[in-house]
Amino acid sequence: MESSEIFDRFMGHECQGCSGRKSSASGFCVPCYRQLPRALKSCLWKRFGNGFEEAYQASLSWFREHPLQGAHRAKQQSLFG
């Protein structure tokens with residue numbers, strides 16, 4: 001995934017963890033962010049060009065590997081379609 005696509009998703013309002021709503025300029029919605037391991041959460045605070053893109057992609061991979069992690073994400077059918 002290109003940096004420009006990651007930036008567009010970061011500025012958008014759709015959470016890529018659950019397909020729900022999120023605030024603009026946030027990686028994920030609050031419930032999805034809370035489900036991530038501590039190391040990934042801390043890396044998501046890095047700036048663009050200094051590690052954010054890698055942390056974002058690692059978070060997406062974690063969501064794919066743990067689709068039923070947490071009640072919030074287990075309710076989102078878009079991950080399992």
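Please treat every number below as a calculation from the coordinates, not as lab data. This structure is a prediction, so every number in the text was calculated from the model and none was measured. Cβ coordinates were reconstructed from backbone atoms using ideal geometry, including for glycine residues, and neighbour counts include every protein chain displayed.
Data table
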read-out: Around S42: net Lys/Arg minus Asp/Glu count, Cβ-Cβ under 15 Å; value: +4
read-out: Coarse-grained scattering of region 1-53 at q = 0.13, 0.22, 0.29 Å⁻¹, given as base-10 log I(q)/I(0) from a Debye sum over alpha-carbon atoms; value: -0.28, -0.82, -1.26
read-out: Net +/- balance of residues flanking E2 in space, Cβ distance below 15 Å, scoring K and R +1, D and E -1; value: -3
